């Protein structure tokens with residue numbers, strides 16, 4: 001187990017350098033004017049130009065200069081110093097304010113996926129080919145097929161503006177109620193995937209040989225399903241939900257943008273819209289790290305849940 | 001379809017209290033979108049305390065389905081028991097409510113399966129899986145169940161049993177896993193043990209060890225055992241009686257000695273001739289031509305007739321009844337006498 | 001297209017069965033059954049599914065809009081007059097006018113072209129990458145497979161939206177063609193992995209078939225075996241995956257355009273219109289609802305179509 005974690009950690013370190021290098025190279029390499037690249041089409045003031053040149057060591061040139069700047073960027077990233085956005089605010093502070101909101105939102109979304117998706121998935125898996133099963137399959141197909149840029153604004157319009165069941169937008173410091181609708185919208189996709197995954201997994205495990213063994217021991221059906229089948233079926237589901245939590249933290253760009261939730265995705269959304277290069281680079285770098293770490297956690301979780309992996 | 005006469009199973013006289021386990025004219029169908037397959041067509045056999053019955057047949061002959069029907073663990077759909085009785089200690093298990101039926105499982109009749117790796121739950125330690133039966137069914141405490149699990153693992157000769165309680169199935173070798181499976185089946189000291197191809201997935205040397213273990217346990221614990229196998233070589237030393245199945249029927253039923261000496265059904269004869277014999281060097285190994293029938297379309301008359309070398313017109317037209325041959329033997333062949341007396345190989 | 005799938009799939013099936021085939025399954029009721037094939041079964045299965053027909057019709061209608069939008073509306077989507085801002089439906093403008101005073105319906109109809117173009121070309125490019133990578137990886141195995149599989153793992157691990165943002169931020173031009181090309185390129189570069197895995201596994205299956213070994217013994221070269229024997233087997237599953245991918249690419253294009261880093265005005269894209277409609281939803285909801293509905297139905301149609309075909313061809317999942 002220990003060796004397993006160490007191995008995954010080393011893999012993560014490699015992936016970290018690889019990914020950040022790619023991000024960095026894509027943002028800066030081969031640009032005529034890197035400062036203009038950061039600023040997009042906005043005019044750059046002399047003060048900003050000086051700040052960016054110093055911040056990203058743009059005076060160094062050549063391949064050596066590129067790596068010099070890359071390691072500079074990495075060490076800043078590791079120290080948590082993400083620099084300033086074009087509006088002059090510290091990106092670190094922006095993120096510090098944004099994370100709690102994003103995490104709250106992601107947790108609501110995951111809770112929605114677990115409570116409805118996994119439960120319905122187990123039922124559908126047990127009663128395969130029933131009306132309930134077919135109905136959930138069709139519904140999840142609909143949810144999976146409708147893009148978030150359709151779902152989020154429409155939910156906001158109908159449930160928020162027209163019928164006023166939920167607050168249409170959330171303020172600077174959103175409470176649970178304000179985050180509920182965005183959370184459901186954000187979680188609906190995870191819900192649909194979790195449901196389908198659970199259904200397939202349960203249906204497959206119900207046919208497994210060990211289920212026959214458990215029945216031949218004279219265990220009641222409830223116990224066979226709730227202990228033997230579920231414990232096996234939930235391994236891929238829990239793994240998926242872990243990956244999904246990582247995705248949701250970085251992937252709430254649309255939902256947070258539409259509902260005006262001041263989370264990480266919202267700031268990224270705004271950074272893209274206002275063409276604030278440093279803000280986008282900073283947030284994307286942090287999100288990449290979050291993504292890598294969440295993948296590591298999920299791998300370890302998988303090993304904890306499945307003894308066949310643990311003792312490989 | 002059912003032209004069989006329901007007959008008492010003749011291999012031994014019914015004891016005063018009745019047989020321990022008795023199947024009477026069992027019929028099972030598999031109903032799928034493709035059609036209906038008649039998997040079991042009137043199987044009758046019985047088991048008395050302390051004896052070993054071998055049920056022999058090719059895959060698809062219905063031997064495992066019969067066993068699962070006894071256990072009551074057939075998947076339904078697609079399986080449906082359409083008629084017949086499974087009597088255990090005088091009660092028909094098929095008419096029992098599920099809750100009472102469940103009580104029989106594991107405690108009265110236990111079963112071990114072919115592939116222990118897939119038959120054991122991969123995510124629970126073996127000690128937990130053995131103990132689960134004890135805790136759930138006998139209400140043992142955690143520590144009692146643990147102690148008893150070690151005893152059971154010792155009983156099936158797993159070395160250093162106490163240290164291996166926390167290991168997972170995939171950490172055991174094939175033979176050891178099958179021993180775990182056996183320990184689990186023995187947990188509640190069943191009166192009947194059904195072993196469904198217990199050695200098929202194992203190496204030849206390990207096969208012998210497991211068969212010896214089963215034979216010892218059966219003797220020492222005074223269990224009755226149904227040994228399901230497709231391997232005639234395996235059963236000779238262990239079984240008291242043999243029931244040979246073909247296409248969902250029992251085609252021959254005899255004690256081991258008579259059956260080996262003089263098989264009375266062409267199918268059994270074919271099976272015996274297809275195993276190599278040391279005492280007959282010159283003898284060519286023969287095989288039975290053709291394939292077992294499609295169970296959705298069993299041939300009319302005797303189901304074996306397309307592959308039978310003794311076939312006559314009557315075999316195409318009339319389903320043979322069980323012919324009682326004396327010595328408590330039966331054979332579902334129109335020419336059972338002739339086949340038995342035809343020693344030419 | 002569907003003919004082609006049928007052919008590829010039946011070859012696939014023939015390969016699995018071997019030359020002798022299976023004896024026909026006689027029917028108890030007594031009516032003789034036709035010999036069954038996977039493609040035949042799949043078609044019988046599909047024909048009975050309303051979802052298949054609904055999605056097929058939707059796909060055809062949207063394709064029609066993309067090819068000849070003039071058949072669906074007489075109005076010019078770029079004919080925008082501010083005085084008609086949020087005006088009620090009139091004169092062919094079925095759903096009235098948006099904030100800019102453009103015909104909402106006409107814009108939605110004309111939006112199909114960019115969506116389908118991006119979707120189809122990304123899927124095509126994806127298909128090419130996936131076939132090349134999957135065939136090389138599956139056919140040669142060994143270190144080629146090891147390297148390519150790692151590459152697939154890495155690309156699969158990249159969050160699509162973040163990577164697309166990073167890549168597309170570098171495209172600062174307003175040239176419609178360049179932006180269209182960039183979006184297609186980015187989507188294909190990030191989206192080929194699933195299809196490549198599918199191709200790889202069907203290539204591995206096909207590689208082990210007897211007739212491939214026979215072809216090799218007869219002296220056929222790697223190139224010929226891959227082209228004549230392996231490719232046809234890999235195509236059917238790849239096309240199913242790509243149909244679903246086409247739907248997701250359309251959704252991804254709309255999302256990027258919604259964010260302002262995909263397509264831009266004057267190109268007409270549902271993503272741009274949804275964002276514009278969203279901003280003014282309190283004044284009038286139709287400019288939001290109409291392109292949203294068009295986008296959702298189109299994406300759904302492709303995903304459901306692919307899903308239905310896959311289910312029909314994969315009896316295991318039933």
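Could you pull out the residue among A:119, A:213, A:198, A:140 that is surrounded by 23 or more Cβ atoms within 10 Å (Cβ to Cβ), assigned to a helix (DSSP H, G or I) and without any contact (Cβ under 8 Å) to a residue 12 or more places away in the chain?
On the way: A:119 fails: surrounded by 23 or more Cβ atoms within 10 Å (Cβ to Cβ); A:198 fails: without any contact (Cβ under 8 Å) to a residue 12 or more places away in the chain; A:140 fails: without any contact (Cβ under 8 Å) to a residue 12 or more places away in the chain.
Step by step, each of A:119, A:213, A:198, A:140 is checked, and only A:213 is surrounded by 23 or more Cβ atoms within 10 Å (Cβ to Cβ), assigned to a helix (DSSP H, G or I) and without any contact (Cβ under 8 Å) to a residue 12 or more places away in the chain.
Is it true that residue A:187 is under 21 Å from the mean Cα position of the chain (by Cα), in a helix (DSSP H, G or I) and in contact (Cβ under 8 Å) with a residue 12 or more places away in the chain? Steps first, please.
Details: under 21 Å from the mean Cα position of the chain (by Cα): yes; in a helix (DSSP H, G or I): yes; in contact (Cβ under 8 Å) with a residue 12 or more places away in the chain: yes.
When the stated conditions are applied, residue A:187 passes them.
Does residue C:262 satisfy being modelled with pLDDT under 90, more than 27 Å from residue C:214 (Cβ to Cβ) and out of contact with any strand residue (DSSP E or B) (no Cβ under 8 Å at 6 or more places or on another chain)?
Working: modelled with pLDDT under 90: yes; more than 27 Å from residue C:214 (Cβ to Cβ): yes; out of contact with any strand residue (DSSP E or B) (no Cβ under 8 Å at 6 or more places or on another chain): yes.
Yes, satisfied.
Rundown of residues vs (1) in a loop (DSSP other than H, G, I, E, B); (2) within 11 Å of another protein chain (Cβ to nearest Cβ); (3) within 28 Å of the chain's Cα centre (by Cα); (4) surrounded by 22 or more Cβ atoms within 10 Å (Cβ to Cβ), yes/no style:
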position: B:103; (1), (2), (3), (4): no, yes, yes, no
position: B:110; (1), (2), (3), (4): no, yes, yes, yes
position: B:162; (1), (2), (3), (4): no, no, no, no
position: B:167; (1), (2), (3), (4): yes, yes, no, no
position: B:175; (1), (2), (3), (4): no, no, yes, no
position: B:185; (1), (2), (3), (4): no, yes, yes, yes
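If residue C:201 meets every condition in (1) modelled with pLDDT of 85 or more; (2) surrounded by 20 or more Cβ atoms within 10 Å (Cβ to Cβ); (3) over 24 Å from residue A:248 (Cα atoms) apart from one, which number is that one?
(2)
Residue check: is residue C:245 in contact with a helix residue (DSSP H, G or I) (Cβ under 7 Å, 6 or more places away or on another chain), facing chain A (nearest Cβ under 10 Å), part of a helix (DSSP H, G or I) and over 21 Å from residue C:79 (Cβ atoms)? Spell out how you get there, then give the answer.
On the way: in contact with a helix residue (DSSP H, G or I) (Cβ under 7 Å, 6 or more places away or on another chain): yes; facing chain A (nearest Cβ under 10 Å): no; part of a helix (DSSP H, G or I): yes; over 21 Å from residue C:79 (Cβ atoms): yes.
Judged against the criteria, residue C:245 is not a match.
Scan B:156, B:150, B:126 and give me the residue that is under 26 Å from the mean Cα position of the chain (by Cα), away from chain A (no Cβ under 14 Å) and within 24 Å of residue B:108 (Cα to Cα). Quick ask: steps written out before the conclusion?
On the way: B:150 fails: under 26 Å from the mean Cα position of the chain (by Cα); B:126 fails: away from chain A (no Cβ under 14 Å).
Unique residue meeting the criteria: B:156.
Do you know which residues across the range A:66-75 are under 25 Å from the mean Cα position of the chain (by Cα) and either in contact (Cβ under 8 Å) with a residue 40 or more places away in the chain or under 16 Å from residue A:287 (Cβ atoms) (or both)? Walk me through how you get there before you give the answer.
Taking the range A:66-75 first, the residues under 25 Å from the mean Cα position of the chain (by Cα) are A:73-75.
Hits for the range A:66-75 are A:73, A:74.
Here is a yes/no grid of residues against (1) away from chain C (no Cβ under 11 Å); (2) farther than 30 Å from residue A:43 by Cα:
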site: A:254; (1), (2): no, no
site: A:262; (1), (2): yes, no
site: A:266; (1), (2): yes, no
site: A:271; (1), (2): no, no
site: A:276; (1), (2): no, no
site: A:283; (1), (2): no, no
site: A:293; (1), (2): yes, yes
site: A:299; (1), (2): yes, yes
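Here is a list of conditions, (1) more than 14 Å from chain B (Cβ to nearest Cβ); (2) touching a helix residue (DSSP H, G or I) at 6+ places or on another chain (Cβ under 9 Å); (3) without any contact (Cβ under 8 Å) to a residue 60 or more places away in the chain; (4) not in a loop (DSSP other than H, G, I, E, B), and residue A:182 meets all of them except one; can you say which number that is?
Going through the list (1) more than 14 Å from chain B (Cβ to nearest Cβ); (2) touching a helix residue (DSSP H, G or I) at 6+ places or on another chain (Cβ under 9 Å); (3) without any contact (Cβ under 8 Å) to a residue 60 or more places away in the chain; (4) not in a loop (DSSP other than H, G, I, E, B), residue A:182 breaks only (3).
Could you tell me which of the residues C:200, C:224 is assigned to a helix (DSSP H, G or I), away from chain A (no Cβ under 14 Å) and over 27 Å from the mean Cα position of the chain (by Cα)?
Working: C:200 fails: over 27 Å from the mean Cα position of the chain (by Cα).
Exactly one residue qualifies, and that residue is C:224.
Any residue that is at pLDDT below 80, away from every other protein chain (no Cβ under 14 Å) and either farther than 21 Å from residue C:301 by Cβ or not in a helix (DSSP H, G or I) (or both) - is there at least one of those in the range C:103-110? Steps first, answer last, please.
Residues of the range C:103-110 that are at pLDDT below 80, as a first pass: none.
Within the range C:103-110 (the criterion being at pLDDT below 80, away from every other protein chain (no Cβ under 14 Å) and either farther than 21 Å from residue C:301 by Cβ or not in a helix (DSSP H, G or I) (or both)), the answer is no, since none of the residues qualifies.
Can you report the number of residues in the range C:295-311 which are more than 7 Å from chain A (Cβ to nearest Cβ), buried (at least 24 other Cβ atoms within 10 Å of the Cβ) and under 19 Å from residue C:104 (Cβ atoms)?
So the count comes out to 1.
Could we say that residue B:72 is on the phi > 0 side of the Ramachandran plot, surrounded by 17 or more Cβ atoms within 10 Å (Cβ to Cβ), free of Cβ contacts under 8 Å to residues at least 40 places away in the same chain and within 13 Å of another protein chain (Cβ to nearest Cβ) here?
Working: on the phi > 0 side of the Ramachandran plot: yes; surrounded by 17 or more Cβ atoms within 10 Å (Cβ to Cβ): yes; free of Cβ contacts under 8 Å to residues at least 40 places away in the same chain: yes; within 13 Å of another protein chain (Cβ to nearest Cβ): yes.
Spelling it out, residue B:72 is indeed on the phi > 0 side of the Ramachandran plot, surrounded by 17 or more Cβ atoms within 10 Å (Cβ to Cβ), free of Cβ contacts under 8 Å to residues at least 40 places away in the same chain and within 13 Å of another protein chain (Cβ to nearest Cβ).
List pairs: first residue in the range C:101-128 and at positive phi, second residue in a helix (DSSP H, G or I) anywhere in the structure, Cβ distance under 8 angstrom, at least six positions apart or on different chains.
C:101/C:82; C:101/C:83; C:101/C:84
Output the number of residues of the range C:36-67 satisfying the condition of being part of a loop (DSSP other than H, G, I, E, B) and either surrounded by 11 or more Cβ atoms within 10 Å (Cβ to Cβ) or at pLDDT 90 or above (or both).
So the count comes out to 3.
Picking from C:271, C:277, C:247, C:262, which residue would you name as being crowded, with 22+ Cβ neighbours inside 10 Å, within 28 Å of residue C:106 (Cβ to Cβ) and without any contact (Cβ under 8 Å) to a residue 40 or more places away in the chain? First the steps, then the outcome.
Numbers: C:277 fails: without any contact (Cβ under 8 Å) to a residue 40 or more places away in the chain; C:247 fails: without any contact (Cβ under 8 Å) to a residue 40 or more places away in the chain; C:262 fails: without any contact (Cβ under 8 Å) to a residue 40 or more places away in the chain.
Criteria check complete, one pass: C:271.
Can you confirm whether the range A:79-102 contains a residue that is under 20 Å from residue A:186 (Cβ atoms) and touching a helix residue (DSSP H, G or I) at 6+ places or on another chain (Cβ under 6 Å)? Before the answer, list the steps.
Kept after step one, since they are under 20 Å from residue A:186 (Cβ atoms), are these residues of the range A:79-102: A:95, A:97-102.
When the remaining residues are screened for being touching a helix residue (DSSP H, G or I) at 6+ places or on another chain (Cβ under 6 Å), the result is A:98, A:102.
Yes.
Filtering the range B:129-145 down to residues that are surrounded by fewer than 19 Cβ atoms within 10 Å (Cβ to Cβ) and over 24 Å from residue A:208 (Cα atoms), which residue is farthest from the other protein chains (Cβ to nearest Cβ)?
B:143
Can you find even one residue in the range C:231-240 that is assigned to a helix (DSSP H, G or I), under 22 Å from residue C:301 (Cβ atoms), within 14 Å of chain A (Cβ to nearest Cβ) and in contact with a helix residue (DSSP H, G or I) (Cβ under 6 Å, 6 or more places away or on another chain)?
Checked against the condition, which is being assigned to a helix (DSSP H, G or I), under 22 Å from residue C:301 (Cβ atoms), within 14 Å of chain A (Cβ to nearest Cβ) and in contact with a helix residue (DSSP H, G or I) (Cβ under 6 Å, 6 or more places away or on another chain), the range C:231-240 yields no hits at all.
Which condition number does residue A:156 fail, the rest of (1) away from chain C (no Cβ under 14 Å); (2) within 13 Å of residue A:259 (Cα to Cα) being met?
Only one criterion is unmet by residue A:156, namely (1).
Residues that are touching a residue at least 24 places away in the same chain (Cβ under 8 Å), more than 30 Å from residue C:253 (Cβ to Cβ) and in the same structural domain as residue A:225 (by TED's automatic domain parsing): does the range A:129-136 have at least one? Break it down stepwise before answering.
If we filter the range A:129-136 for residues that are touching a residue at least 24 places away in the same chain (Cβ under 8 Å), which is where we start, we get A:133, A:136.
Cutting the leftovers down to more than 30 Å from residue C:253 (Cβ to Cβ) gives us A:133.
Filter again for in the same structural domain as residue A:225 (by TED's automatic domain parsing), leaving A:133.
There is at least one residue in the range A:129-136 that is touching a residue at least 24 places away in the same chain (Cβ under 8 Å), more than 30 Å from residue C:253 (Cβ to Cβ) and in the same structural domain as residue A:225 (by TED's automatic domain parsing).
Any residue in the range C:165-177 that's more than 9 Å from every other protein chain (Cβ to nearest Cβ): show its pairings with residues that are surrounded by fewer than 14 Cβ atoms within 10 Å (Cβ to Cβ) and in a helix (DSSP H, G or I) at Cβ separation under 8 Å, as long as the two are six or more apart or on different chains.
Partner pairs satisfying both residue conditions: C:171/C:178.
Does the range A:226-241 include one or more residues that are without any contact (Cβ under 8 Å) to a residue 24 or more places away in the chain, surrounded by 23 or more Cβ atoms within 10 Å (Cβ to Cβ) and within 12 Å of another protein chain (Cβ to nearest Cβ)?
Start the filter on the range A:226-241 by keeping residues that are without any contact (Cβ under 8 Å) to a residue 24 or more places away in the chain, which leaves A:226-228, A:231.
Next, only the ones that are surrounded by 23 or more Cβ atoms within 10 Å (Cβ to Cβ) stay: A:228.
This time we only want the ones that are within 12 Å of another protein chain (Cβ to nearest Cβ), so: A:228.
Looking for residues that are without any contact (Cβ under 8 Å) to a residue 24 or more places away in the chain, surrounded by 23 or more Cβ atoms within 10 Å (Cβ to Cβ) and within 12 Å of another protein chain (Cβ to nearest Cβ), one finds at least one in the range A:226-241, hence yes.
Can residue A:145 be described as buried (at least 21 other Cβ atoms within 10 Å of the Cβ) and at the interface with another protein chain (Cβ under 9 Å from one of its Cβ atoms)?
Values: buried (at least 21 other Cβ atoms within 10 Å of the Cβ): yes; at the interface with another protein chain (Cβ under 9 Å from one of its Cβ atoms): yes.
In short, yes.
The values are calculated or read from the model by the stated rules, or taken from the named source; none is laboratory data. For clarity, every value in this text was computed on a predicted model and none was experimentally measured. Every residue, glycine among them, receives a Cβ derived from its backbone with ideal geometry; neighbour counts consider all protein chains shown.
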